[in-house]
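The values are calculated or read from the model by the stated rules, or taken from the named source; none is laboratory data. Because the structure is predicted, anything quoted here is derived from the model rather than measured. Cβ: placed from backbone, ideal geometry, glycine included. Neighbour counts: every protein chain shown.
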Ligand SMILES: Nc1ncnc2c1ncn2[C@@H]1O[C@H](COP(=O)(O)OP(=O)(O)OP(=O)(O)O)[C@@H](O)[C@H]1O
């Protein structure tokens, strides 16, 4: 049974695979509750594949792994939604539904994850929008928002089910430096409130400005700045 001190990610000699190809081998690291780590590496080095393995979108090729208390080996398809409910997953492409309002985008996820009760739902939507600084935007359509605001909605959506872990893949990728900085500050705030964060990024300016643990995909392995010296990719 997971306890409050159980790491949110615990990998031991895990093989990250794309089909029959090994992308990363013998990946071992833990991320504790409330910890923050960047995931870096050149294009094609395996960052997204590792994240996908963590949210059970790719099967593990070998080793042992647990995320949010769910063992990844032999995690049945019926259990995957329960794992995902413990996670907030944020991609570079916003993936908002553009044919409905901000509130309806959030409602869609709440309904899909089993929420009921109009008042409770409305309250949760207000809470997460407030949290990301978009309290006044519930009835707006996504196209009425800037790129940075759209990314905030995506973050609000990821927070709906109070995740223990946020997995973010290039969350500042398409944003200009000031907006990227404000999104990063939001991540730091969320992290300070106790949610662990693993963020894949090429934005080294952000890393220099907000230095934290770095995990780096390099030559099929994962290097950990808490164990070895890690340099940022060129
Ligand atoms: N759907 C797929 N099927 C087969 N191979 C894939 C697939 N997606 C990625 N790969 C391969 O897996 C390797 C790692 O890709 P991955 O997307 O994990 O890298 P990345 O570090 O996230 O790159 P980027 O920084 O460009 O996002 C690459 O060699 C890539 O070609």
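Evaluated against (1) part of a helix (DSSP H, G or I); (2) more than 16 Å from the ligand (Cβ to nearest atom); (3) out of contact with any helix residue (DSSP H, G or I) (no Cβ under 9 Å at 6 or more places or on another chain), residue 110 falls short on exactly one condition, (3). Restricted to the stretch 121-132, and to residues there that are crowded, with 17+ Cβ neighbours inside 10 Å and modelled with pLDDT of 95 or more, the residue that is farthest from residue 168 (Cα to Cα) is 121.
For every residue, the table says whether it meets (1) surrounded by fewer than 17 Cβ atoms within 10 Å (Cβ to Cβ); (2) in contact with a helix residue (DSSP H, G or I) (Cβ under 6 Å, 6 or more places away or on another chain); (3) touching a residue at least 60 places away in the same chain (Cβ under 8 Å).
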{"site": "19", "(1), (2), (3)": "yes, no, no"}
{"site": "23", "(1), (2), (3)": "no, yes, yes"}
{"site": "30", "(1), (2), (3)": "yes, no, no"}
{"site": "36", "(1), (2), (3)": "no, yes, yes"}
{"site": "42", "(1), (2), (3)": "yes, no, yes"}
{"site": "46", "(1), (2), (3)": "no, no, yes"}
{"site": "57", "(1), (2), (3)": "yes, no, no"}
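Scanning the stretch 89-123 for residues that are under 13 Å from residue 150 (Cβ atoms) and touching a strand residue (DSSP E or B) at 6+ places or on another chain (Cβ under 7 Å) returns 90, 91, 92.
Mind listing whichever residues of the stretch 59-83 are buried (at least 19 other Cβ atoms within 10 Å of the Cβ) and not in a loop (DSSP other than H, G, I, E, B)? Working first, answer last.
So in the stretch 59-83, the residues buried (at least 19 other Cβ atoms within 10 Å of the Cβ) come out as 60, 65-68, 72, 83.
Once the filter is applied, which keeps residues that are buried (at least 19 other Cβ atoms within 10 Å of the Cβ) and not in a loop (DSSP other than H, G, I, E, B), the stretch 59-83 yields 60, 65, 66, 67, 83.
Given the structure, is residue 170 within 20 Å of the chain's Cα centre (by Cα) and either more than 30 Å from residue 207 (Cα to Cα) or within 16 Å of the ligand (Cβ to nearest atom) (or both)?
Answer is yes for this residue.
Does the stretch 181-193 include one or more residues that are closer than 19 Å to residue 54 by Cβ and within 13 Å of the ligand (Cβ to nearest atom)? Don't jump to the end; show me each part of the working.
First, the residues of the stretch 181-193 that are closer than 19 Å to residue 54 by Cβ: 187, 190-191.
Retained after the next criterion (residues that are within 13 Å of the ligand (Cβ to nearest atom)): none.
Looking for residues that are closer than 19 Å to residue 54 by Cβ and within 13 Å of the ligand (Cβ to nearest atom), one finds none in the stretch 181-193, hence no.
Restricting to the stretch 21-35, and then to whatever is in contact with a strand residue (DSSP E or B) (Cβ under 9 Å, 6 or more places away or on another chain) and more than 25 Å from residue 190 (Cα to Cα), can you tell me which residue is farthest from the ligand (Cβ to nearest atom)? Quick ask: steps written out before the conclusion?
First, pick out the residues of the stretch 21-35 that are in contact with a strand residue (DSSP E or B) (Cβ under 9 Å, 6 or more places away or on another chain): 22-35.
Next cut, more than 25 Å from residue 190 (Cα to Cα) only: 22-28.
On the way: 22: 10, 23: 5, 24: 8, 25: 13, 26: 16, 27: 12, 28: 18 Å.
My answer is 28.
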